[in-house]
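Remarks on the structure that follows.
Computed from the coordinates by the stated procedures, all read-outs in this text should not be read as laboratory data. None of the values given here were measured: they were computed from a predicted structure. Glycine also receives a Cβ, built like all others from the backbone with ideal geometry; neighbour counts cover every protein chain displayed.
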Amino acid sequence: MKSLVPYLSFESNCREAMEFYRDCLGGTLTLMTVGESPMAAQVPAQVHGLIMHAKLSGEAFGLMASDDIQGGKVTVGSAINLMIDCASEKEIRELFPKLARGGKVNSELKVEFWGSLYGDLTDKYGLRWMLNFDQPKA
C-alpha cells in the first residue's frame with residue numbers, strides 16, 4: 001500500500017474548508033471546479049463553481065475532498081475521526097489552536113494516562129480531530 005488518504009465531502013464549502021486545512025496544516029492545495037472538469041458540459045451551470053476535486057498534500061499527509069454536486073445533505077458521522085500523530089510538542093501546540101479556531105475543543109491538550117500529550121476538537125466544519133504527541137520517556 002502506498003498510502004491511505006481521507007476523502008471528505010462538503011455541501012458547497014469545500015474550497016473554504018480545504019483552504020482552512022492548508023492554512024492550519026501547510027502543504028500544497030490543488031483544486032478543480034466542476035466547470036474546469038471534462039464533465040462540465042454534462043451538468044447544470046449552477047454547479048460549475050463547486051469543487052470536483054481537491055487535494056492537499058504535505059510532507060507526511062494527504063487529504064482529498066469535493067463538494068456534493070448532486071445537492072445532497074452531507075452528514076458528518078461519528079465513526080471516523082482524523083488523527084494527527086505529531087512529531088514534536090511544538091507542532092501539537094501550534095496545530096491544535098489553528099484547527100480549533102471557530103470550532104469546539106472537546107478535550108484540552110494535556111498529558112494523558114498513557115503518557116502522551118493529547119487533545120481533541122471538532123472543527124468549524126464538524127470534523128473531529130485527535131492530536132497526539134508521544135513525549136520522550138525520561
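What the Cα convex hull of segment 82-134 gives, in volume per residue, is 61 Å³.
Charges were assigned to the Cβ only: +1 to each Lys and Arg, -1 to each Asp and Glu. The resulting dipole of the chain about its Cα centre is roughly 80 debye. Amide hydrogen proximity for F10: with H placed 1.01 Å from N in the peptide plane, the residues at 5 or more positions away or on another chain lying under 5 Å are S66, D67, D68. Highest mobility in the GNM of the chain, judged by mean-square fluctuation with C-alpha springs under 10 Å and restricted to T75, T30, T122, is found for T75. Dividing the mean sequence gap of close Cα pairs (under 8 Å, 6+ apart) by how many residues segment 31-125 holds gives a relative contact order of 16 percent. For the chain, the number of Lys pairs with C-alpha atoms closer than 30 Å, counting only pairs eight or more positions apart or on separate chains, is 22.
Under Stokes-Einstein, with the Kirkwood radius over Cα pairs as Rh, the value for the chain at 20 °C and 1.002 mPa s is 131 µm²/s. The calculated FRET efficiency for K104 paired with A40, based on their beta-carbon distance and R0 = 35 Å, is about 0.40. Kindly provide the chymotrypsin sites (Phe, Trp or Tyr not before Pro) of segment 98-129 that DSSP labels as loop, not H, G, I, E or B, and whose Cβ sees at most 12 other Cβ atoms within 10 Å. The qualifying sites are F113, W114.
Its residues counted as N, segment 36-117 yields a C-alpha radius of gyration over 2.2 N^0.38 Å of 1.54.
For segment 47-138, GluC sites (Glu not before Pro) are listed when DSSP marks them as loop and at most 11 other Cβ atoms sit within 10 Å of their Cβ; the list is E59.
On full extension, the segment bounded by H53 and K73 gains 5.4 nm, given 0.36 nm per residue less the C-alpha separation. Mind running the shape call on segment 7-67? Use the C-alpha gyration tensor, a ≥ b ≥ c as the square roots of the eigenvalues: rounded below 1.5 for a/c, prolate if a/b tops b/c, oblate otherwise. Verdict is prolate for segment 7-67.
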